[in-house]
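Chemist: Here it is: the structure, laid out below.
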Amino acid sequence: MNELEYISLTPTPTALRPLLGLTILVVEDSRYACDAMRLLCLRSGARIRRADCLRSARRHLQVYRPSAVIIDLGLPDGSGAELIHELANADQRIPAILGVSGDDMNEAVSLAAGADGFLSKPLAALAEFQTSILQAIPEEMRPSGLRTITDEVVDPDPLAYRDDMAHASEMLSGFADLKTLQYVAQFLQGVAKSAKDEQLGRAAGKLVYAGAEGNTVHSHHARLAGLVRERTFAQESVI
């Protein structure tokens with residue numbers, strides 16, 4: 001296939017679907033946040049690939065080269081900033097690299113690692129998502145013409161939220177070292193922010209803070225585990 005034939009097969013972006021033709025790799029451990037990005041990509045015309053950890057993302061990237069990659073900063077096997085730095089300094093650079101987090105302080109971390117942009121959770125507004133991607137990709141990849149600005153927001157699947165609660169409950173129910181507790185607490189901070197669950201977010205934040213300060217975390221661990229169990233049972237009864 002020559003270059004002209006390839007171009008003719010590439011979908012042309014439209015005013016309503018400005019990301020048509022792009023493939024976005026989402027590196028995100030939260031199923032709830034990932035479902036939000038799936039819906040945002042679907043509404044925008046972009047194809048989506050997903051990875052839930054650094055290891056899985058690196059396997060994906062050995063096989064194909066996406067147009068853009070969105071990387072969560074808190075992943076189960078390390079910091080997303082590691083992957084951002086790795087991709088930003090690769091010989092064949094991904095056209096657009098964006099960090100994503102429920103903690104806005106991580107914007108500076110993402111940009112310092114080499115990201116082209118940053119997305120703040122919760123991810124729901126379609127126009128905001130499209131603008132962030134379009135600003136991050138090189139100018140020659142941006143669609144020409146006007147774009148339809150919409151106030152549409154997406155509503156992730158409650159089943160994805162239940163899966164996140166079940167995953168967190170499993171990690172909190174047994175013995176967990178401080179590193180694991182810090183990870184799951186940060187994970188729940190992001191999920192809580194996406195789901196607008198302030199009570200859960202505060203409890204997760206207290207565990208993160210206590211662990212970072214070297215204080216005892218037993219009471220915070222128990223409190224957070226109880227809240228997660230409540231939400232798991234509540235979701236099961238609704239669904």
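Chemist: On the accessible surface of the chain, probed at 1.4 Å, how many percent belong to carbon and sulfur atoms?
Modeler: 51 percent
Chemist: Find the accessible area per residue for the chain; the probe is 1.4 Å, ligands and nucleic acids are left out, and the unit is Å².
Modeler: 53 Å²
Chemist: Right, another one. Past the 18 angstrom mark, what percentage of all C-alpha to C-alpha distances in segment 105-175 do you count?
Modeler: Value for segment 105-175: 61 percent of Cα pairs lie more than 18 Å apart.
Chemist: Starting from the Kirkwood radius over alpha-carbon pairs of segment 180-228, derive D by Stokes-Einstein at 4 °C in a medium of 1.567 mPa s and give it in µm² s⁻¹.
Modeler: Reported coefficient: 126 µm²/s.
Chemist: Could I ask something else about it? Count the DSSP beta bridges whose two residues both fall in the chain, then state the antiparallel fraction as a percent rounded to the nearest 5.
Modeler: 15 percent
Chemist: Can you compute the FRET efficiency between E198 and T12 using 1/(1 + (r/R0)^6), with r the Cβ-Cβ distance and R0 = 41 Å? Round to the nearest 0.05.
Modeler: The computed FRET efficiency comes out at 0.45.
Chemist: If you compute percent of Cα pairs over 23 Å apart for the structure shown, which of (1) 43; (2) 51; (3) 55 do you land on?
Modeler: Computed from the coordinates, percent of Cα pairs over 23 Å apart corresponds to (2).
Chemist: Okay, moving on. Roughly speaking, what is the stretch gain from R65 to T131, that is 0.36 nm per residue apart minus the C-alpha to C-alpha distance, in nm to one decimal?
Modeler: Contour length minus Cα-Cα distance gives 21.6 nm.
Chemist: Sticking with this one: Report the calculated FRET efficiency for A90 and T150 (r = Cβ-Cβ distance, R0 = 41 Å), to the nearest 0.05.
Modeler: Between A90 and T150 the formula returns 0.75.
The values are calculated or read from the model by the stated rules, or taken from the named source; none is laboratory data. In this text the structure is predicted, and so the values were computed from the model without any measurement. Quick reminder, even Gly has a Cβ in these numbers, built from the backbone with ideal geometry, and neighbours come from all protein chains shown. SASA here: full protein model, heavy atoms, side chains in, ligands and nucleic acids out. Shrake-Rupley method; radii C 1.70, N 1.55, O 1.52, S 1.80 Å.
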